[in-house]
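Novice: Input: one structure, supplied below.
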């Protein structure tokens, strides 16, 4: 986008991370993960729906054998977190005594991730690490270390690359933030 501004219903969104920058960072993260999981047989778990773009690109950049799985929880209505988290889709894999990497698009309040980490830990994996493209200021409620982070960001509302506004804009190739 030439002017780095995306307009939707007269709401301006400014480019925060362009596609090329995301691709480069995801490649770096993938190589680090591959190093850390050498000689292991990890299960890489995508948190649906937002995480699917990051998950898809990230797993292609991890040049080791991976088992892929998906989990889904819900805590958002529109742009606001409801404060209540519910499990929508559970894992298909048996992760007991397995190394698990949980992949998230953004750690916002941290409540959803905290819920999912607790759920996954109840299944007794050998290890559990988290990769998130974005870590939003205030996401500390998760109470669990996020080992792999693409970028730390402020409290602005962001869309694109899996991040949505009322279910829309996940397919944008970059990450955009609300610009007044």
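Novice: What ranking do 75, 122 get, fewest neighbouring Cβ atoms within 10 angstrom at the top?
Specialist: Ascending number of Cβ neighbours within 10 Å: 122, 75.
Novice: Follow-up. Which of 140, 57, 166 moves most in a GNM of the chain, Cα contacts under 10 Å?
Specialist: 166
Novice: Going by how many other beta carbons lie within 10 Å of each one, how would you line up 142, 107, fewest first?
Specialist: In order of increasing Cβ crowding within 10 Å: 142, 107.
Novice: Provide the FRET efficiency to the nearest 0.05 for the residue 61-residue 126 pair, computing r from the beta carbons and using R0 = 22 Å.
Specialist: 0.45
Novice: Taking Rg and Dmax of the Cα atoms in Å as the quantity of interest, determine which of (i) 16.0, 51; (ii) 19.1, 75; (iii) 16.0, 45 was computed from the displayed structure.
Specialist: Checking each listed value against the structure points to (i).
Novice: Now for a separate question. By how many nm would the segment from residue 36 to residue 152 lengthen if fully extended, with 0.36 nm per residue of separation less the alpha-carbon distance?
Specialist: 39.6 nm
Novice: Note the angle between two axes, namely the Cα long axis of helix 111-121 and the longest principal axis of the Cα atoms of the chain, as a number of degrees from 0 to 90, rounded to the nearest 10.
Specialist: That works out to roughly 10 degrees.
Novice: Can you tell me the 0 to 90 degree angle between the C-alpha axis of helix 19-36 and the longest principal axis of the chain, rounded to 10?
Specialist: So the helix axis and the longest Cα principal axis differ by about 10 degrees.
Novice: For Cα pairs less than 8 Å apart in space and 6+ apart in sequence, what is the mean separation divided by the residue count of the stretch 1-155, i.e. the relative contact order in percent?
Specialist: So the answer I get is 19 percent.
Novice: Using a Gaussian network for the chain with springs between C-alpha atoms less than 10 Å apart, which of these wobbles most: 109, 84, 59?
Specialist: 84
Novice: Given only helices, namely DSSP H runs of n ≥ 4 each adding -39500 (n - 2.57), what is the per-residue ellipticity at 222 nm of the chain, to the nearest 500 deg cm²/dmol?
Specialist: Mean residue ellipticity, 222 nm, calculated: -6500 deg cm²/dmol.
Novice: Now, a different point. May I ask you to derive the FRET efficiency for residue 4 and residue 140 from their Cβ-Cβ distance with R0 = 41 Å, giving the value to the nearest 0.05?
Specialist: After rounding, the FRET efficiency stands at 0.85.
Novice: Roughly how far apart, in whole Å, are the Cα centres of the stretch 14-66 and the stretch 84-114?
Specialist: So the separation of the two Cα centres works out to 16 Å.
Novice: Can you give the % of DSSP beta bridges in the stretch 5-178 that are antiparallel, to the nearest 5?
Specialist: Bridges in the stretch 5-178 are about 45 percent antiparallel.
Novice: Would you list 155, 14 from fewest to most Cβ contacts within 10 Å?
Specialist: If I rank by nearby Cβ atoms, fewest first, I get 155, 14.
Each value in this text was obtained by applying a stated rule to the coordinates, not by laboratory testing. Only a predicted model underlies this, so the values are computations on that prediction, with no experimental measurement involved. Here the Cβ is made from the backbone with ideal geometry for all residues, glycine too, and neighbour counts use every protein chain on show.
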